[in-house]
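A.B. asks: Quick one: the structure is below, and I'll ask about it shortly.
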Amino acid sequence: MKKKRLVLTVGFIMILFLSMFYLNSIAAPNAIIRKKLLKKLPVGTGMDEVIQYIKNKDAWELYWVDTEEGYISPLTGQHPKIGSQHIRAYIGSFAWDFFDVYIDWGFDENSKLVDINVEKDANSI
């Protein structure tokens, strides 16, 4: 009986932990975060509108606005850069602050959105 109670308790704690982890929207897979952001800020959105969107989010922090270069491709870690301008923002952390989540928005020469990249960095212990 004690073993069954222990198994149920551990199972309940695991379900609780996993649900808290996955209900946190920034803990979702990068592709899902990207898709949700592109619904709110579709390709062609102006840079000023994206900056205002970031500023209106309580927990988000605008890291930088670069009007001279796009962001580095996450697939290669080098050129080609995405867009000719870009914005980077910190949108929060999860898993007891072990992971930080950043978003890069790439813009063309007319300051219109061309793509979004979601990046999760693991902090050292």
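The values are calculated or read from the model by the stated rules, or taken from the named source; none is laboratory data. Just so it is clear, the model here is predicted, and its values are computed rather than measured. Cβ placement follows ideal geometry from the backbone for every residue including glycine, while neighbour counts extend to all protein chains displayed.
A.B. asks: With (1) modelled with pLDDT under 80; (2) within 18 Å of V114 (Cβ to Cβ) as the list, and L38 as the residue in question, which single condition is left unmet?
C.D. replies: (1)
A.B. asks: Which ones in region 79-125 are of a type in the set (G, A, S) and assigned to a strand (DSSP E or B)?
C.D. replies: The answer is A89, G92, S93, G106, A122.
A.B. asks: Something else now. For residues in region 81-125 being in contact (Cβ under 8 Å) with a residue 40 or more places away in the chain and aromatic (F, W, Y), which is nearest to I51 (Cα to Cα)?
C.D. replies: That would be W105.
A.B. asks: Ok, one more. Identify, by number, the condition in (1) within 17 Å of G92 (Cβ to Cβ); (2) modelled with pLDDT of 90 or more that D66 doesn't meet.
C.D. replies: D66 satisfies all of (1) within 17 Å of G92 (Cβ to Cβ); (2) modelled with pLDDT of 90 or more except (1).
A.B. asks: If you scan region 75-91, which residues turn out to be surrounded by 13 or more Cβ atoms within 10 Å (Cβ to Cβ) and either within 15 Å of S111 (Cβ to Cβ) or modelled with pLDDT under 90 (or both)?
C.D. replies: First pass over region 75-91, keeping only residues surrounded by 13 or more Cβ atoms within 10 Å (Cβ to Cβ): 81-91.
Within region 75-91, K81, I82, G83, S84, Q85, H86, I87 qualify.
A.B. asks: Related question: Check Y63, Y53 and return the single one that is closer than 20 Å to I26 by Cα, of a type in the set (S, T, Y) and part of a strand (DSSP E or B).
C.D. replies: So the residue among Y63, Y53 that is closer than 20 Å to I26 by Cα, of a type in the set (S, T, Y) and part of a strand (DSSP E or B) is Y63.
A.B. asks: Quick one: G44 ticks every box in (1) closer than 19 Å to I26 by Cβ; (2) exposed (fewer than 12 other Cβ atoms within 10 Å of the Cβ) bar one, so which box is it?
C.D. replies: (1)
A.B. asks: Moving on to the next point. Kindly check whether there is at least one residue in region 2-25 that is polar (S, T, N, Q) and either part of a strand (DSSP E or B) or at pLDDT 85 or above (or both).
C.D. replies: Among the residues of region 2-25, not one is polar (S, T, N, Q) and either part of a strand (DSSP E or B) or at pLDDT 85 or above (or both), which makes the answer no.
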